[in-house]
Structure formats: structure tokens, C-alpha cells
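Notes to accompany the following structure.
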Amino acid sequence: MEKVERLTEVLRKLNTPGAAEAVREEARVLLREINPAELSLAEQKLIEEGVDPQDLRHLCAVHLEVLDEQLREVRGRLAPGHVLDTLYREHDEILHFLDLLDSVNERLQKEKEYDPGNPAYDMLRHLAEHLVAAEKHHAREEDVLFPEMEKRGITGPPRIMRLEHNDLRPRKHRLLELAEGVSGMEFARFREELAQLTAYVGFHLRDHIFKENTILYPTALEVIPDEATWAEMKSRCDAIGYCCFTPTH
Ligand SMILES: [Fe+2]
Ligand SMILES: [Fe+2]
């Protein structure tokens, strides 16, 4: 059987609750020998067969372990300043903002009324500004990285990533609006909306980053092997520009 077919079969079995240890072992062996492009194709196939992309989130721990191994290996191969190296480093920053957002939210949920002297509000505004400023990161993905992948037949994952950008964008803007408008709002409503947005953006943006880190970017590296294309992509990325939080070298 073709590798992609075998993998599709194993992923399908893994995705059923209570998969047997034998299946897990089969998956571990198979997942180690396939490359990210084949993994993407198998996942694309499942989606085409009608598996809800949301369900692919629940691929079991075996798959996650192997993806994590691959992630470390892929990042280790990237020179500083490579298009993907910069995108990866920006993800690290965004994940850090999300952790801080969780703790600011937790702190503000304990408040009974707005207190302009509380530094947590400044912190919230800064974090929301940073999350909104990640648009340049998404623009480099959508206008430079994804089209190069699509040209090479990888269409499913970029399509899902674009949908997720569109879904998250208004919520990040709303978070900023909330942070800037707290003094003029009923406090209980502020607190409730803050809790909802923090939970939604936190979950979905972490999930989005995880998929890009472990599937999409490694696939890109696999299907775009030549340095000349990456160099040309890099100059298009430079033209779009970077985020206020992009680490410099
Ligand atoms: Fe993205
Ligand atoms: Fe990203």
C-alpha cells in the first residue's frame, strides 16, 4: 500500500476513541518514516473524505509526540533570518503574549469595579496591541508563504489557516477595543467579554500556531527546497515588513 494511504488508514484508526496500543505503535513507526508533505496529504485526504478538520485536532498523543520531535529537528535546520525562522520566532512571542493575557484576565476577573490606577489595564492594552500587530506576520504567510505552497499542490492546510486568520482578526480587534474602552463600560460586561475573548483567542490562536509549527511550516520546507526561491520570498517578506515584537538578530 502506498505510504499516504497507510498513514490515512492509521490516522483514521488513531482518531477513534480508545485506540489499541498496537495501533499506537504502528502509528509511531509510520509517522517517523514519513515526511511532513505526506502527512499533510494524508490529513487533506481525511478532510476530503468528510472528516471534520476540527477532529484532526484530537489526533492522539502519539502523533503529537512525533510532531514535536520533527519540530525541533526542522527549527534546528533554519539559519537565523530565514523566512520560516522569523515566523517561528514570532510564534514564540505570540504564545508568550497569550500566557500573559491569561494571567491579566485572571487578575481582572477578581476586580469588582474599574480602577484606573491598576497597571493590569495598561498591560491588557499592550497585549491587545501586540496581538493586533501580528497582522504583518499573517500577511507574510498569506501573501508569500501560502501561494508558494499552493503552487506546489499543497492547498488544504493554507486554506484552513486563512479561514482561521479571518476568524481571529475581528476578535483581536474587539479585545483592543475592550481594553481601550473599559472606563466607559459597565464593569460586569467588560469582565464577561474579556473572559470570553481571552478563552476564545487563547485556545484558537494556540491551536493555529501549533498546526503551523508542526505541519504547515515543515511542509513548506519540504516542498520548497531551493535556496533561490527562499531568498526571493525573503525579499517579498521584507517588503511587507515585520511586527513590533519580531526578534532581531
Ligand atoms: Fe497563520
Ligand atoms: Fe503564523
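The condition (being within 23 Å of the chain's Cα centre (by Cα), farther than 20 Å from Asn213 by Cβ and surrounded by fewer than 11 Cβ atoms within 10 Å (Cβ to Cβ)) is satisfied by just one residue among Glu48, Glu21: Glu48.
Suppose the filter is exposed (fewer than 14 other Cβ atoms within 10 Å of the Cβ), more than 17 Å from Ala134 (Cβ to Cβ) and acidic (Asp, Glu); does Glu180 pass it? Criteria not met by Glu180. Candidates in the stretch 116-145 are the residues that are within 16 Å of ligand 2 (Cβ to nearest atom) and either part of a loop (DSSP other than H, G, I, E, B) or free of Cβ contacts under 8 Å to residues at least 24 places away in the same chain (or both); of these, the one that is nearest to Pro225 (Cα to Cα) is Glu142. Among the residues examined, Leu78 qualifies as outside any helix (DSSP H, G or I) and within 16 Å of ligand 2 (Cβ to nearest atom). Per the conditions (1) crowded, with 16+ Cβ neighbours inside 10 Å; (2) in contact with a helix residue (DSSP H, G or I) (Cβ under 6 Å, 6 or more places away or on another chain), the sole criterion not satisfied by Glu212 is (2). Of everything listed in (1) out of contact with any Leu (no Cβ under 9 Å at 6 or more places or on another chain); (2) closer than 30 Å to Met233 by Cα, the single unmet condition for Phe187 is (2).
Kindly evaluate Leu84 against the criterion of being assigned to a helix (DSSP H, G or I) and under 14 Å from the mean Cα position of the chain (by Cα). Against the criterion (assigned to a helix (DSSP H, G or I) and under 14 Å from the mean Cα position of the chain (by Cα)), Leu84 qualifies.
Per-residue answers, yes or no, for (1) buried (at least 17 other Cβ atoms within 10 Å of the Cβ); (2) modelled with pLDDT of 95 or more:
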position: Glu148; (1), (2): yes, yes
position: Ile154; (1), (2): yes, no
position: Arg169; (1), (2): no, yes
position: His173; (1), (2): no, yes
position: Glu186; (1), (2): no, yes
position: Glu192; (1), (2): no, yes
position: Gln196; (1), (2): no, yes
position: Arg206; (1), (2): no, yes
position: His249; (1), (2): no, no
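The values are calculated or read from the model by the stated rules, or taken from the named source; none is laboratory data. Note that the structure is predicted; figures quoted are calculated from it, not measured. Glycine gets a Cβ as well: all are built from the backbone with ideal geometry, and neighbour counts include every protein chain shown.
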